Amino acid sequence: MPPNFELAAAKNVPASFCHIHQTPSADQSLPRAFNDGCRDHKLTPNVENQTLLGPDEPPPFQIVQEHGHSAYFLTCDHGGKLLPRALGTLGLGPTDLDRHIAWDIGAAALARKLSDALDAWLIVQTYSRLAIDCNRPLHSPTSIAPISEATPIPGNQQISAADADTRRRTIFQPYHDRIVAELDARKILGRPTMLVAVHSFTPEFRGERRPWHVGVLYHRDARLARILLDLFRDESALVVGDNQPYAVSDESDYAIPIYGERRSIPHVEIEIRQDLLADESGQTEWAQRLTLALVQAEQLLKRPQ
Ligand SMILES: [Zn+2]
């Protein structure tokens with residue numbers, strides 16, 4: 001019996017389980033924020049400053065190398081796997097909460113090493129994409145995914161508009177507001193900026209093996225991507241994906257279309273297969289490889305075409 005059911009049973013109150021909050025809603029001793037929304041996942045009316053995070057919970061992003069001098073501007077949208085306490089486990093077990101459906105395994109560790117090596121500003125999202133995906137437009141059906149790969153996410157089904165908006169305000173908005181503020185400040189200062197979105201992918205998807213070690217993703221503007229593709233292909237042992245295992249689109253992505261394309265800054269999304277980032281030696285190896293390639297790419301981009 002989960003601890004909160006035991007609590008409810010001890011108090012002799014009915015326990016209607018809510019997969020969002022993982023608490024018996026009838027237990028009035030629980031903090032109000034835990035009880036709100038337990039009835040059919042409905043939240044209390046939308047209050048502008050309502051947040052899912054308690055005062056002791058970490059903020060929705062971390063900045064690394066805040067004063068970095070590099071032109072590279074790094075993002076790691078799927079770096080974190082935490083869930084706000086108020087969301088419980090979304091009805092998932094610990095194994096699912098540690099899978100790629102929850103976060104990009106190894107991506108944050110790689111991005112931090114890359115940030116240090118390049119002296120580049122980096123933002124890392126703290127919370128799991130299962131709470132809200134920071135690389136999806138808000139209107140996307142997978143912004144708050146009811147099913148991820150083949151796994152139903154109970155706490156994301158039948159979610160109310162108010163609940164979705166609270167997740168947006170708690171996680172998505174502050175993360176993107178910080179990115180916008182930084183990009184705007186760099187523009188005012190005339191600082192060169194090149195966006196690199198760091199991600200990782202699973203070695204297998206729906207029974208298909210994915211052979212690529214690294215994927216270079218882009219859509220309308222391939223300036224940086226083309227150079228990196230050539231540089232990675234120079235290393236003959238590498239299997240390099242050109243818009244593999246994913247292709248960037250306005251519907252399935254946020255950083256590249258909104259920050260790269262609309263602002264006309266050179267950009268790329270880099271995907272590393274997650275088994276290559278499973279331990280620190282792999283993360284270090286890839287950070288060194290990417291650092292070398294990005295430093296060379298910056299020089300090549302500066303050359304007159
Ligand atoms: Zn990702």
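Here, each number is a calculation from the coordinates, and none is a lab measurement. All of these numbers come straight from a predicted model, not from anything done at the bench. Virtual Cβ from ideal backbone geometry, glycine too; neighbours counted across all protein chains shown.
Structural remarks
- Packing-based exposure ordering (other Cβ within 10 Å, fewest first) of Glu285, Glu269, Glu204: Glu204, Glu285, Glu269
- Ranking of Asp104, Asp177 by neighbouring Cβ atoms within 10 Å, starting from the fewest: Asp177, Asp104.
- Cα-based shape type of the range 126-204, given that a ≥ b ≥ c are square roots of the gyration tensor eigenvalues and the cut on a/c is 1.5: oblate
- Additional length obtainable on full extension of the chain from Arg191 to Arg220, 0.36 nm per residue less Cα span: 8.1 nm
- Rough spin-label spacing in nm, given labels placed 7 Å along Cα→Cβ, for Arg233 and Thr95: 4.1 nm
- If the chain linking Ala181 and Arg303 were pulled fully straight, counting 0.36 nm for each residue of separation and taking away their Cα-Cα distance, it would gain 41.0 nm.
- Computed from the C-beta positions of Arg206 and Asp250, the FRET efficiency with R₀ = 22 Å rounds to 0.40.
- A dipole drawn for the range 56-302 from +1 and -1 charges on Cβ atoms has a positive end, and of Gly190, Ile171, Ala222 the residue lying farthest that way is Gly190.
- Relative contact order for the range 149-285: 30 percent, from Cα pairs under 8 Å spaced at least 6 residues apart, divided by residue count.
- Once the Cα-Cα distance is subtracted from the 0.36 nm per residue extended length, the His69 to Asp116 segment shows a gain of 15.8 nm.
- Going from the fewest other Cβ atoms within 10 Å to the most, the residues His139, His176 appear in the order His139, His176.
- Taking amide hydrogens as placed 1.01 Å from N in the peptide plane, the amide H of Ile147 sits under 5 Å from those of Ile153, each at least 5 positions away in sequence or on another chain.
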